[in-house]
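Here is the structure we will look at.
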Amino acid sequence: MRGKSGLICAILALALMAGASVQAAEPIKVGAILSVTGPASFLGAPEAKTLEMLVEEQNKKGGFLGRKIELIVKDSGASAEKAFSFAKQLIEEEKVFAILGPSTSGESMKIKSVAEEGKTLLLSCAAAEVIVNPVAMYVFKTPQSDKDAVIKIFQQMKKMKISRIGVLSSNTGFGNAGKAQIEKLAPAYGILILANEVYDKAASDLTAEVTKIKAANVEAILNWSIEPAQAIAIKNARQIGLKVPIFQSHGFGNIKYVEAAGPAAEGVIFPAGRLLIVDVLPKSHPQKAVLNKYKKDYESRFKEEVSTFGGHAYDAFMILAKAIENTNSTDKELIRSAIEQLQGFVGTGGIFYFSPSDHNGLNIDAFEMLTVRKGKFVPLAK
Amino acid sequence: MNSDLFFQYVVAGITYGTIYAVVAIGFNIIYNATGIINFAQGEFVMLGGMIAVTLSRFLPLPVAILGAVAVTTIIGAVIDILFIRWLRGPSVLRMIIITIGVSILVREVALHVWGESVRALPYFTGTSVTSIKMGNVYISPQVLWVVGVSAIAVVALSAFFHYTMLGRQMRACAANRDAARLCGISAKNMVTLSFMLSAGIGAIGGAVVCPITYVQYDSGTPLAIKGFTVAILGGLGNSAAAVGAGMILGILESFSIWVLPAAYKEVISISLLLLILFIRPSGIFGSAEAARLKEF
């Protein structure tokens, strides 16, 4: 018996020594909560792939300040409850340095306070304005705001002399937040909402909804969703002979939807970051180089077309990398204030100017109005 | 409301209704042979669409669809052989739980094979913007395809179950498994056959509705819920009733949008389902007496 306990002591001592020697090159843990599967998988899947690619690349260059990066991806399946427990786990058990994601607005709102209490950096990949307004010390986000998207669309409508519109939105965090912004901002731009319909995110056909909008005699349709239903809506509208212009949110920035909707997608107008039109962007544009590199790296590695959503994860990771590089430290507090001081950082979503009161750093200029011509995204003629 | 608008809502309702009915028919086949609800039915629909989309890259459309139906039918058989067939006198509840497990499994496999992106088959006739104009009412040709295919499926199934030996054997198994076995019918083979048949029908449905609804690894589940509702509404086991019930539900949903905000569409179908379960558990077209004799 004594021999046995002696042996255990020796093993323990060995383990301790091993632990101590590992400490020197201990990797730096970065967590990511993304909807890799589930209804928002078209956001989370490219985001996860992007991070995997970036971490590998950074590790080849020696990681962060000579420490390897260990990326821990948690698949939330777009469930806010799962995101919540993963956030707790990442902060309390894994003691991660920062969390990238979540992919959706609903999840981001759910874990905003968890990150704040745990004093852990959260770089959200979701769009809703409420994530960073009011500002939380540790919470940042990289996508452009839904508010700016709505303003951009309304400006375009004014240009086209459209004032009577029908609004469609899906019953998700993204759809609800967008609908609220549309209703709030419409009066300021002299826009009348004559029909305002919410549909289920899993809707398989929307003929009745667009019929109702047709009956309201509108001059344009504005649809706000990120699900396949947004491609179904435009198809059904054209099928029942509705010929008015159709506007979509920045959630339309995935070429798969254009492919799925076929000719019905032609002429759809929507605001988006410049990733989708990098090929036609003038060489002098400050974002050209960054966008080109990301597009080329992603497409050659994963053999699928790049989408703006993966770009949000790209920006989140690069902002973190830039802040670490600038401060030459891995102290959370220093990094946090370094991000707040980032000025003119060129990302895929736009050019970021952070401040203690602005944790998104993008303004309306991050958006470009795009349209679909011959199955491709092109800039809308001014 | 003018008459144009009225008929446009009717067309929308028919579109919804036939999509639901096509899924409901698959539920009914397995129910008829085994007395269970196969909760993986939506996955058969998804597989039909997905495989057809994949095959249509190298094959002409009709061949791709036939190929998809064949592959899905084989998958149906494999599922039965792997998960159901070897069970000794399984309880209804156990089989239902197994089908739920299978549905999750199929979804995960589909996610790994095809990824999360949305796909669609091209419209069989015309394009996504083509519509047939009757007065001021528009109808997509694809809707006519769905209606036609469901009609053929119902007629063919009914002929199969009533006039062929195999169909009669399947019905005998459903009515009384022990008696059927005493007559020399292999109950296990009939169950396998019913899984193949419903997988095949699901796949045909999946391929025909795919241009309208699109297909994604998890698009089977919401369709299955609607199909299940319609199967119950019509009376479990009766395919013609499923088509009728599908139309009723589809048109109700469509007109509900005219009066109520669109968000209440799902409320209508679920309330209707509850109402039927309380008042006529045998379904709108089902017989109460026959229902009393069923195990489930």
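Once the range A:193-203 is narrowed to residues that are open to solvent by 20 Å² or more (accessible area, probe 1.4 Å) and modelled with pLDDT under 90, the residue that is nearest to the other protein chains (Cβ to nearest Cβ) is A:A202. Restricting the range B:1-56 to residues that are aromatic (F, W, Y), in contact with a Leu (Cβ under 8 Å, 6 or more places away or on another chain) and away from every other protein chain (no Cβ under 13 Å), the residue that is surrounded by the fewest Cβ atoms within 10 Å (Cβ to Cβ) is B:Y31. Every listed requirement among (1) more than 10 Å from every other protein chain (Cβ to nearest Cβ); (2) open to solvent by 20 Å² or more (accessible area, probe 1.4 Å) is met by B:M95 save one, (2). The set of residues in the range B:248-266 being within 14 Å of B:I19 (Cβ to Cβ), in contact (Cβ under 8 Å) with a residue 40 or more places away in the chain and open to solvent by less than 50 Å² (accessible area, probe 1.4 Å) consists of B:L249, B:G250, B:E253, B:S254.
Quick check on the range B:104-117: of everything there that is buried (at least 20 other Cβ atoms within 10 Å of the Cβ) and at the interface with chain A (Cβ under 8 Å from one of its Cβ atoms), which residue is nearest to B:V53 (Cα to Cα)? Here the answer is B:S117. Residues that are acidic (D, E) number at least 1 in the following strands (runs of 3 or more DSSP E) confined to the range A:286-382: A:368-373. Hey, any hits in the range B:82-91 for a residue that's modelled with pLDDT under 90 and under 13 Å from B:F195 (Cβ atoms)? Checked the range B:82-91: at least one residue is modelled with pLDDT under 90 and under 13 Å from B:F195 (Cβ atoms). Among the candidates B:V191, B:V259, the residue that is at pLDDT below 90, more than 27 Å from A:V198 (Cβ to Cβ) and β-branched (V, I, T) is uniquely B:V191. The number of residues in the range A:204-227 being within 20 Å of B:Q8 (Cβ to Cβ), part of a loop (DSSP other than H, G, I, E, B) and open to solvent by 10 Å² or more (accessible area, probe 1.4 Å) comes to 5. For the range B:154-210, a residue qualifies if it is touching a helix residue (DSSP H, G or I) at 6+ places or on another chain (Cβ under 9 Å) and of a type in the set (S, T, Y), and the qualifying residues are B:S158, B:S186, B:T192, B:S194, B:S198. Here is the figure for the range B:217-238: residues that are facing chain A (nearest Cβ under 9 Å), open to solvent by 20 Å² or more (accessible area, probe 1.4 Å) and in a loop (DSSP other than H, G, I, E, B) total 2. Here is the figure for the range A:148-173: residues that are open to solvent by 10 Å² or more (accessible area, probe 1.4 Å), outside any helix (DSSP H, G or I) and in contact with a strand residue (DSSP E or B) (Cβ under 9 Å, 6 or more places away or on another chain) total 5. Taking the stated definitions as given, is A:I277 within 14 Å of another protein chain (Cβ to nearest Cβ) and either β-branched (V, I, T) or in contact (Cβ under 8 Å) with a residue 40 or more places away in the chain (or both)? So A:I277 fails the test.
Does B:Q41 satisfy the criteria of being within 11 Å of the chain's Cα centre (by Cα) and in contact (Cβ under 8 Å) with a residue 12 or more places away in the chain?
Yes, satisfied.
Listed by position, the helices (runs of 4 or more DSSP H) inside the range B:118-187 whose residues that are within 14 Å of chain A (Cβ to nearest Cβ) number at least 1 are B:141-163. Of the residues screened, A:V268 is not one that is under 26 Å from A:S163 (Cβ atoms), open to solvent by 20 Å² or more (accessible area, probe 1.4 Å), more than 11 Å from chain B (Cβ to nearest Cβ) and in contact (Cβ under 8 Å) with a residue 24 or more places away in the chain. Would you check if B:Y20 is hydroxyl-bearing (S, T, Y), modelled with pLDDT of 85 or more and over 20 Å from B:V208 (Cβ atoms)? Taking the combined requirement at face value, the residue does not satisfy it.
I'd like the full set of residues that are part of a helix (DSSP H, G or I) and either open to solvent by 30 Å² or more (accessible area, probe 1.4 Å) or under 21 Å from B:V118 (Cβ atoms) (or both), limited to the range B:74-92. Walk me through how you get there before you give the answer.
Of all residues in the range B:74-92, those part of a helix (DSSP H, G or I) come to B:74-84, B:92.
Once the filter is applied, which keeps residues that are part of a helix (DSSP H, G or I) and either open to solvent by 30 Å² or more (accessible area, probe 1.4 Å) or under 21 Å from B:V118 (Cβ atoms) (or both), the range B:74-92 yields B:I74, B:I75, B:V78, B:I81, B:L82, B:F83.
Yes or no, residue by residue, for (1) surrounded by fewer than 19 Cβ atoms within 10 Å (Cβ to Cβ); (2) over 23 Å from B:D80 (Cβ atoms); (3) within 13 Å of the chain's Cα centre (by Cα):
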| site | (1), (2), (3) |
| --- | --- |
| B:H162 | yes, yes, no |
| B:A175 | yes, no, no |
| B:M190 | no, no, no |
| B:T213 | no, yes, no |
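The condition (being among the basic types (K, R) and more than 19 Å from the chain's Cα centre (by Cα)) is satisfied by just one residue among A:K256, A:K214, A:K201: A:K214.
The values are calculated or read from the model by the stated rules, or taken from the named source; none is laboratory data. All of these numbers come straight from a predicted model, not from anything done at the bench. When we count neighbours, we look across all protein chains shown, and the Cβ atoms used for this are built from the backbone with ideal geometry, even at glycine. SASA here: full protein model, heavy atoms, side chains in, ligands and nucleic acids out. Shrake-Rupley method; radii C 1.70, N 1.55, O 1.52, S 1.80 Å.
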